[in-house]
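See structure below.
The values are calculated or read from the model by the stated rules, or taken from the named source; none is laboratory data. Everything numeric here is computed off the predicted structure, so don't read it as measured data. Here Cβ is always computed from backbone atoms with ideal geometry, including for glycine, and neighbour counts include all displayed protein chains. Heavy atoms of the whole protein, side chains included, go into the accessibility calculation; ligands, DNA and RNA do not. Shrake-Rupley method; radii C 1.70, N 1.55, O 1.52, S 1.80 Å.
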Amino acid sequence: MPAFCRFCRDSFPLVLIMAAIYQAAYRRAALFCRSHSTYVKKMRYLNKLKEDDSLCRQAQTSGTFYLFHNLSPFLRKVEEKYLIPQLSAAEMKRILEKFKETEQWIEKSVLIGCSDEHVPHFALDLGALERSVIEAELKGSFTDLRKALFVVDEDSSSLLASAQALLRWHDSHQYCSKTGQPTQKNVAGSKRVCHASGITYYPQMSPVVIILVSDGSRCLLARQPSFPQGMYTALSGFCDIGEAVEETARREVAEEVGLEVESLWYSASQHWPFPSSCLMIACHALVRGQQLEISMNSLELEEARWFGLEEVMEGLKREPKSAKQDNGNFLPWFPPKQAIAHQLINEWVKQQTS
Ligand SMILES: NC(=O)C1=CN([C@@H]2O[C@H](COP(=O)(O)OP(=O)(O)OC[C@H]3O[C@@H](n4cnc5c(N)ncnc54)[C@H](O)[C@@H]3O)[C@@H](O)[C@H]2O)C=CC1
Ligand SMILES: [Mg+2]
């Protein structure tokens, strides 16, 4: 039975081995001790690349590149699957030479991760080059992110979302908001600096709280006028400056549907790239022992109502395509599984049925 870390050869104390066995986590624990796991090494390597420009410049020569065109990711359809091609530095050079562009372009790329073997991954937006030429050359197409996220697998969709968010942030932070002078990105793209003022800008996300309100046996779902027909989701709202998550949740529920939250518990969080990089903080909330009549804010919402368990379970199974009825009305359906709203609704169903 191996009881040594693969990297430092330190043996594990017996108590740790026993604990690992009992937690059924033995396989992983036996290969790496905590400070030498693949994950830790990977995170430390990425951190070094962010801090060290020359190391990162060197990494660009052995890295792989995900391409975007005006923030739309490049996808290739192989049989029924959509894949995200990763180009080597040599392939990038070949493409850029075709456009008589220099390799200086590579410097515009941003670091978005690395493999377990420390092959760094970069994202690069080729928006200034002719889209159709790149598509023909690489046999694929630049696809709107709203479509791309829902046709690739789950890991790829979160990678695409964060890569696009970082590229978007750089595109819109090219000037210092204090001096108006151009800002310069570090090689990894983890920050931009204004050399005139000395201000460093870091990529940002806007925190949004998403709240699935329940009265114990029903849950509250709502529609904004801009939603596709028939789609309902949980309430949500941006955090005001200085607010805690709990305060935002209480305020948004009061503002949007006129109810008071009695208790609130955290579920999970998700980066969401629309409209531009939100950190979605998902919570369940209970409103009980008070008036349960909804007083909807019609400036923000088109409809808000209570849904029973059965209606929610049917809505979860319904495809948007099959929501339209013969009379032109739409049956309710909910956001797809990639959206954290879906997870909240699923969790609520589990709570009700367990
Ligand atoms: N991933 C998911 O499951 C879901 C994601 N969302 C996302 O949550 C976000 C916020 O939801 P809403 O209910 O519309 O928010 P909201 O209820 O706070 O209303 C939006 C309004 O807030 C104002 N606002 C305040 N701070 C803002 C900021 N930093 N950026 C943009 N607008 C700001 C603007 O006037 C805007 O029109 C949306 O971008 C939406 O895409 C919403 C529901 C589900
Ligand atoms: Mg809202």
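The one condition from (1) within 27 Å of T353 (Cα to Cα); (2) more than 13 Å from ligand 1 (Cβ to nearest atom); (3) among the polar types (S, T, N, Q) that T183 does not meet is (1). Among the residues of the stretch 52-75, how many are open to solvent by less than 80 Å² (accessible area, probe 1.4 Å) and not in a helix (DSSP H, G or I)? Result for the stretch 52-75: 14. Suppose we filter V312, V257 for residues that are out of contact with any strand residue (DSSP E or B) (no Cβ under 6 Å at 6 or more places or on another chain), at pLDDT 95 or above and buried (at least 20 other Cβ atoms within 10 Å of the Cβ); which single one remains? After applying the criteria, what remains is V312.
Any chance the stretch 264-287 includes a residue that's more than 15 Å from ligand 2 (Cβ to nearest atom), loosely packed, with under 14 Cβ neighbours inside 10 Å and under 17 Å from the mean Cα position of the chain (by Cα)? The answer is yes; a qualifying residue exists. Is it the case that the stretch 157-167 has a residue that's under 16 Å from L71 (Cα atoms), in contact with an Asp or Glu (Cβ under 7 Å, 6 or more places away or on another chain) and at pLDDT 95 or above? Yes, the conditions are met somewhere in the stretch 157-167.
Scoring V193 on the criteria (1) under 23 Å from the mean Cα position of the chain (by Cα); (2) open to solvent by less than 70 Å² (accessible area, probe 1.4 Å); (3) without any contact (Cβ under 8 Å) to a residue 40 or more places away in the chain leaves a single failure, condition (1). When I294 is tested against (1) under 22 Å from L344 (Cβ atoms); (2) free of Cβ contacts under 8 Å to residues at least 12 places away in the same chain, just one condition goes unmet, and that condition is (2).
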